[in-house]
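Everything below concerns the one structure shown next.
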Amino acid sequence: MKLPNYVSGEWKEGAGAGEPLFDPVTGEELARISSQNIDVKAALGFANSQGGPALQQLTYRERADLLAKVGEVLTANRDEYFRISLLNSGATQADASFDVDGAIYTIKYYAKIGRALEEGKMLKEGAVVPLSKSGAFVGQHFLLPAKGVAIFINAFNFPAWGLCEKAAPALLSGVPVVVKPASPTAWLAHRMVEDIVKAEILPPGAISILCGSARDLLDHAGEGDIVSFTGSAETAARIRSNANILRRSVRVNIEADSINSAILGPDAAPGNDVFELLVKEVAREMTLKAGQKCTAIRRVIVPRPYLTSFGDAVSVRLSSMKVGNPRNAEVKVGPVVNKAQQAACFEGLRKLKEECSVLFGGDERFQPVDADSEKSAFVQPTLLSCANGLDAKFVHDFEVFGPAATLVAYDNPEDLIAVTRRSLGSLVSSVFSNDAAFLRNIVLGIGDLHGRVMVVDSSVGAQHTGHGNVVPSCLHGGPGRAGGGEELAGLRALLLYHRRFVVQGPPSTISDLAGMSADASALYS
Ligand code: NAP
């Protein structure tokens, strides 16, 4: 089976033998993809000339209604998405739900909140600015949907959510999307696009998919286009520095890798409920999606006196979780996505072991349940410990994109802040403590280098949304090495797909334009 590309309003098979997609448990080939000989310039042109104008003829409310219909189609096909997640990603039910249900929830969320923008075709931002003494000449800021294409280049670990969390705000803004899913897991995104196209909800050109290499896609991006990239920092640097992107000042949003942290306060001694909450969260973060989440906890920064008890408590939880073939109902932890990722995890763990001791796991030859270790791509959940966080290098710098985390000891709040900041910019840090002064000090010390800080005390208990869980109502993205991007945060996500401009002129023209605009203040509520 070779998955065809959907470009220029048609399904087109790429040339050549194509690239194989595998089952990471059995090693079996599932499908092939190819973008060879696909005219990507024409694909962008079609999306721009057909999809954009058709979407922008509609109001925000009408586009929100389209998203609601897309949400219904995806819900109707949910079982099939779980099947593909199991086959192509080795996902357990919980892993598949995180990606697929997260995707459907995000689409439905934007369908719902998009209605707040009502009937406008652009957005009026802020008050009229007086520019003359008589009042005959004034200014008004507006946000106009970009007359270009949203180009998504996505990572392998969220084939469903990665598509939907980007497509929802782009389509709501009236901007057509061209998605290039990561090759290893392209099948799920492909199937979702196929279902959306078959349902004939969106106008021609509103959604396209290119599977396989991105080839020269970025060389054809224009001034009105938006590139939204999710993936490794290394690929991000290549995207950012593409000559055409630089020459045309194409807007680029980058969501890259991140050495996230979780912090235990000095007040949270072993036995304390907050201590137990963090133990549970670390074990969950290490094992859900086999640790292949950009937001997963990579460093757990713990008061030195509690290091041993904390490590023991996490290890007890990990030892009770079966790792293996997700078709076995007892299995809680699946494989990483393929042999190449397995090799990358092993290499990363070898680096971390140079400056850390292993508290749990770390055996490259461990035997997964109901799977052949030669053919499959499992990594044993591995907990490490680092005694000297200030001098360590790899712990703060090297992302093992699998079921691994490192405990790092700290002695005082100053060292804690310095150690946390060594990630040089992260998506998320969570702080577990009941000490209000400590919490305030830490948030002020690290907030600028993080997109999200999650605070958990006894009053929150188990009601928090999860360290690694990205909710569409809150910001996702982080500064520095995390890419510097911003996504979601409710209707703020629409800012990426709009251009701000100011009209200076007579009040009559301004009020005429304002009359056909929705109020941008809804974006910030
Ligand atoms: P990757 O190797 O950087 O690939 C990401 C995407 O870029 C893929 O679609 C890939 O296509 C494409 N690509 C590679 N080279 C390209 C080029 N020269 N021009 C255009 N596109 C190119 O990352 P990955 O292995 O898929 O994903 C894992 C990484 O993503 C991890 O580091 C993780 O932390 C990060 N991530 C970050 C977030 C976030 O929101 N911050 C979310 C998820 C994952 P092919 O697959 O065809 O090579």
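With N counted as the residues of the chain, its alpha-carbon radius of gyration over 2.2 N^0.38 Å works out to 1.01. Would you grab the residues whose amide H sits under 5 Å from the one on Ile207? Only those 5+ places off in sequence or on another chain, please, with H modelled 1.01 Å from N. Result for Ile207 returns Val177. In plain terms, the bigger the Kirkwood radius, the slower the diffusion; for the stretch 76-235, with that radius from Cα pairs, at 25 °C and 0.890 mPa s, Stokes-Einstein puts D at 140 µm²/s.
Taken along the Cα-to-beta-carbon direction at a fixed 7 Å, the label points for Arg248 and Asp397 span 3.7 nm. Residues of the stretch 171-203 falling in the label zone of Leu30, defined by backbone nitrogen less than 13 Å from a point 7 Å along Cα to beta-carbon, are 182-192. In order along the stretch 193-207, the Karplus-derived 3J(HN,Hα) couplings, from 6.51 cos²θ - 1.76 cosθ + 1.60 at θ = phi - 60°, round to 5, 4, 5, 5, 5, 4, 6, 6, 8, 9, x, x, x, 6, 9 Hz, and Gly and Pro are given as x. What the Cα atoms of the stretch 31-112 give is an Rg and a Dmax of 16.5, 42 Å. The packing ranking of peptides 422-433, 225-236, 344-355, 306-317, highest mean first, is 422-433, 225-236, 306-317, 344-355, where packing means the average number of other beta carbon atoms within 10 angstrom of each residue. Relative to the longest principal axis of the Cα atoms of the chain, helix 339-353 runs at roughly 60 degrees. Paramagnetic label reach from Cys474 (point 7 Å along Cα→Cβ; backbone nitrogen cut-off under 11 Å): within the stretch 275-312, no residues. Counting every C-alpha pair in the stretch 213-252, the share spaced more than 13 angstrom apart comes to 47%. According to the Cα-based calculation, Rg over Rh for the stretch 374-435 is 1.04, with Rh computed by the Kirkwood formula. Each Cα pair of the stretch 271-429 feeds into the Kirkwood radius, which the Stokes-Einstein equation turns, at 37 °C and 0.692 mPa s, into a diffusion coefficient of 207 µm²/s. For the pair Lys112 and Leu144 in one chain, pulling the backbone fully straight at 0.36 nm per residue adds 9.4 nm over the alpha carbon distance. Taking amide H as placed 1.01 Å from N in the peptide plane, the amide H of His498 sits under 5 Å from that of Ala146, each at least 5 places away or on another chain. Pop the C-beta distance of Ala237 and Leu390 into the FRET formula with R0 = 22 Å and round what comes out to the nearest 0.05. Plugging the Cβ-Cβ distance into 1/(1 + (r/R0)^6) gives 0.20. For Ala269 and Asp448, the FRET efficiency from 1/(1 + (r/R0)^6), where r spans their Cβ atoms and R0 equals 35 Å, is about 0.75. Phi angles across the stretch 498-512 convert, under the Karplus curve 6.51 cos²θ - 1.76 cosθ + 1.60 with θ = phi - 60°, into 3J(HN,Hα) values of 10, 10, 7, 8, 10, 9, 10, x, x, x, 5, 5, 4, 6, 4 Hz, Gly and Pro given as x.
Ratio of Rg to Rh for the stretch 189-269: 1.17 [Cα atoms; Kirkwood radius as inverse mean 1/r over pairs]. The coefficient of translational diffusion for the stretch 127-209, derived via Stokes-Einstein from the alpha carbon Kirkwood radius under 20 °C and 1.002 mPa s, stands at 144 µm²/s. With 0.36 nm allotted per residue and the present C-alpha distance subtracted, the Glu414-Ser521 stretch has 34.6 nm of extension available.
One Cα centroid belongs to the stretch 452-519, the other to the stretch 232-308; the line between them spans 21 Å.
Using θ = phi - 60° in the Karplus curve 6.51 cos²θ - 1.76 cosθ + 1.60, the 3J(HN,Hα) couplings for the stretch 302-309 round to 10, x, 3, x, 9, 4, 5, 5 Hz; x is entered for Gly and Pro. Here the stretch 179-207 and the stretch 361-380 have alpha carbon centers that stand 33 Å from each other.
Annotation: extensible slack from Asp363 through Gln57 equals 104.3 nm (criterion: 0.36 nm per residue apart, minus Cα-Cα distance). Structural size metrics of the stretch 1-143, computed from C-alpha coordinates, are Rg and Dmax of 22.2, 77 Å. Computed from label points 7 Å out along Cα-Cβ, the spacing between Glu347 and Leu131 is 5.6 nm.
Between 0 and 90 degrees, the angle of helix 93-113 with respect to the longest Cα principal axis of the chain falls at about 30 degrees. Annotation: peptides 132-145, 488-501, 85-98, ranked by per-residue average of other Cβ atoms within 10 Å with the highest first, follow the order 85-98, 488-501, 132-145.
Per residue, the convex hull spanned by the alpha carbons of the stretch 1-74 comes to 122 Å³. If you wrap the Cα atoms of the stretch 341-467 in a convex hull and average its projected area over all directions, you get 9.3 nm².
Distances between placed amide hydrogens fall under 5 Å for Ile226 paired with Val149, Ala150, Ile151, all partners being 5 or more residues away or on another chain.
Global size of the stretch 177-335: 21.6, 62 Å for Rg and Dmax (C-alpha atoms, Rg to one decimal, Dmax whole).
Values quoted throughout were computed directly from the atomic coordinates according to the rules given, and no laboratory measurement underlies them. Small disclaimer: the values here were computed from a predicted structure and weren't measured. We place every Cβ from the backbone using ideal geometry, glycine too, and count neighbours over all the protein chains shown.
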